[in-house]
Amino acid sequence: MTLTGPTGSFELTILDYEYSDSPRFLERNGLLVHLRTRHQNHEWAQAAPVLSTWEMEILRDWMRSVVDHKQQSRRITFVEPELSFSDFSAQNDGYDLRLKLSHEAKPGWQFGDKQPFYLTLSPDVKQLKTAIADLDKQLKQFPVRD
């Protein structure tokens, strides 16, 4: 999934399940994801266990609601505090999303700073729909495990 903005971009890709054969439901569905953040002249890539399978489904569904301007909540957060998205879009063709990265997901050039890193993303409808389709594809490869 790739989203771009006026000063950078963000990519999220599932690498694998965090635990291959845990007897615990929560651990079986933890994901190791690759994050790439670009901002101005900085770029940072890392792998981190910041989302679960069902949280990826929730993110995909939230993004679908953003496309339709019918989201239940303007902000989506997850169990781990590293990643969140907010929607500040007006009712027009473009979208104004704000990505918050903290803790393990924070870009390397920000590690000395205690504050989270925020990145403005402004995908058009085509890019947002492509990102949703990419999340669908990734979730087919890494579905929720019972």
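The values are calculated or read from the model by the stated rules, or taken from the named source; none is laboratory data. Note that this is a predicted model, so its numbers are computed, not measured. Every residue, glycine as well, gets a Cβ built from its backbone with ideal geometry; the counts of neighbours run over all protein chains shown.
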> Which members of region 1-32 meet the condition of being within 18 Å of residue 139 (Cα to Cα) and small (Gly, Ala, Ser)?
Replying inline: 20, 30
> Listed residues 64, 38, 60; which is more than 28 Å from residue 144 (Cβ to Cβ) and either in a helix (DSSP H, G or I) or touching a residue at least 24 places away in the same chain (Cβ under 8 Å) (or both)?
Replying inline: 38
>> Just to be sure before I move on: is residue 146 over 23 Å from residue 47 (Cβ atoms) and assigned to a loop (DSSP other than H, G, I, E, B) in the structure I sent?
In response: yes
> Can you pull out the residues in region 1-19 that are closer than 20 Å to residue 121 by Cα and either outside any strand (DSSP E or B) or among the hydroxyl-bearing types (Ser, Thr, Tyr) (or both)?
Replying inline: 1, 2, 4, 5, 6, 7, 9, 13
> Exactly one of (1) farther than 24 Å from residue 110 by Cβ; (2) part of a strand (DSSP E or B); (3) among the basic types (Lys, Arg) is unmet by residue 70. Its number?
Replying inline: (2)
> Name the pairs: first residue in region 97-123 and farther than 16 Å from residue 9 by Cβ, second residue of a type in the set (Val, Ile, Thr) and assigned to a strand (DSSP E or B), Cβ to Cβ under 7 Å, at least 6 apart or on different chains?
Replying inline: 104/50
>> As an exercise: evaluate residue 140 against (1) surrounded by 15 or more Cβ atoms within 10 Å (Cβ to Cβ); (2) more than 13 Å from residue 3 (Cβ to Cβ); (3) at pLDDT 95 or above and give the number of the one condition it does not meet.
In response: (1)
> Can you name the residue in region 105-119 that is within 17 Å of the chain's Cα centre (by Cα) and crowded, with 16+ Cβ neighbours inside 10 Å and is also farthest from residue 77 (Cα to Cα) among such residues?
Replying inline: 107
